[in-house]
Amino acid sequence: MTHASTPGGTDGPAGLPPRPDSQTGEPFPPHGLSYFGGEQQPHHADPTREKRLSYRPEPPPGKGPVLAWHRESRSGKILSAVVGLVLMLALVAGVSLVRGMGLSAFKYWQLWIVIAVFTFLTTSPFTYLTYAAGADWLLVERSRWGIKKRVWLDLYSLTKIDASYGGTTFHLWLYNKDGGFSRSSQELQSDRRIWDLVYNGILHSVANGAQVSHQAIGILQLNKTPALNMRDAERGDQ
């Protein structure tokens, strides 16, 4: 038996947040746990975020409207490239000073090529990633040199969920019967509303029997939600 996930309804006595209606997005999910994005600026006040609606992606075929989306703006890309260049210059200067060369390393034109290539590869100035979520789906769209590629998942039919820490963030693997993908928490939490929609889908999928790793349970704080108890109760009835 699987727990009903009627859009706009409730999911039994265990008290999971309702699944929002696929067209209206109501009721919108509460804030998801394991959010590390901090306090976000209002959309109109964030200079690194794209605001033009012409860049908002279309929803997957047959799915409801976009409820939340995030794409880095051109000025945000420029800022990332500048920061990457400054960090690379600081690293080279530090190594040069430690070796007693002063700043003479910058006299070699070959080094400037290495700096430029490294900055280009690490900041990907011509690649834009757009994240979008609807009431029951998550989409990632990559645009490079005008060519777009996109993948998406149904958030309420996940079959496998995994997570692991990496550096200052964690990476989340989401799968359903058709495949899946991995994204970092930094990416999925670029807009808190995206994370709230994703997290609610994870809760319902876990309650309906999705395979979830021990690491994911801890990182996503699933033991603080009713989802695991609902899943275990379902397995006990079988």
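The values are calculated or read from the model by the stated rules, or taken from the named source; none is laboratory data. Computed from a predicted structure; not experimentally measured. Glycine also receives a Cβ, built like all others from the backbone with ideal geometry; neighbour counts cover every protein chain displayed. Accessible surface areas use protein heavy atoms only, side chains included; no ligands, DNA or RNA. Shrake-Rupley method; radii C 1.70, N 1.55, O 1.52, S 1.80 Å.
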Quiz item: Among the residues of the stretch 187-205, which ones are in a helix (DSSP H, G or I) and of a type in the set (Ser, Thr, Tyr)?
Solution: 199, 205
Quiz item: From 75, 54, which residue is at pLDDT 85 or above, in a helix (DSSP H, G or I) and more than 18 Å from the chain's Cα centre (by Cα)?
Solution: 54
Quiz item: Are any residues in the stretch 158-179 modelled with pLDDT of 90 or more and within 22 Å of residue 61 (Cα to Cα), and if so, which ones?
Solution: 158, 159, 174, 175, 176
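Please pick out the residue among 166, 201, 209, 180 that is in contact (Cβ under 8 Å) with a residue 12 or more places away in the chain, under 25 Å from residue 139 (Cβ atoms) and either among the acidic types (Asp, Glu) or open to solvent by less than 10 Å² (accessible area, probe 1.4 Å) (or both).
Details: 166 fails: either among the acidic types (Asp, Glu) or open to solvent by less than 10 Å² (accessible area, probe 1.4 Å) (or both); 209 fails: either among the acidic types (Asp, Glu) or open to solvent by less than 10 Å² (accessible area, probe 1.4 Å) (or both); 180 fails: either among the acidic types (Asp, Glu) or open to solvent by less than 10 Å² (accessible area, probe 1.4 Å) (or both).
So the residue among 166, 201, 209, 180 that is in contact (Cβ under 8 Å) with a residue 12 or more places away in the chain, under 25 Å from residue 139 (Cβ atoms) and either among the acidic types (Asp, Glu) or open to solvent by less than 10 Å² (accessible area, probe 1.4 Å) (or both) is 201.
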Quiz item: Of all residues in the stretch 113-157 being exposed (fewer than 14 other Cβ atoms within 10 Å of the Cβ) and aromatic (Phe, Trp, Tyr), which is modelled with the highest pLDDT?
Solution: 145
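Please go through the stretch 217-238 and give me each residue that is in a helix (DSSP H, G or I) and closer than 20 Å to residue 137 by Cβ, ordered by number.
Going through the stretch 217-238, the residues in a helix (DSSP H, G or I) turn out to be 217-219, 222-224, 227-237.
Passing the criteria: only 227.
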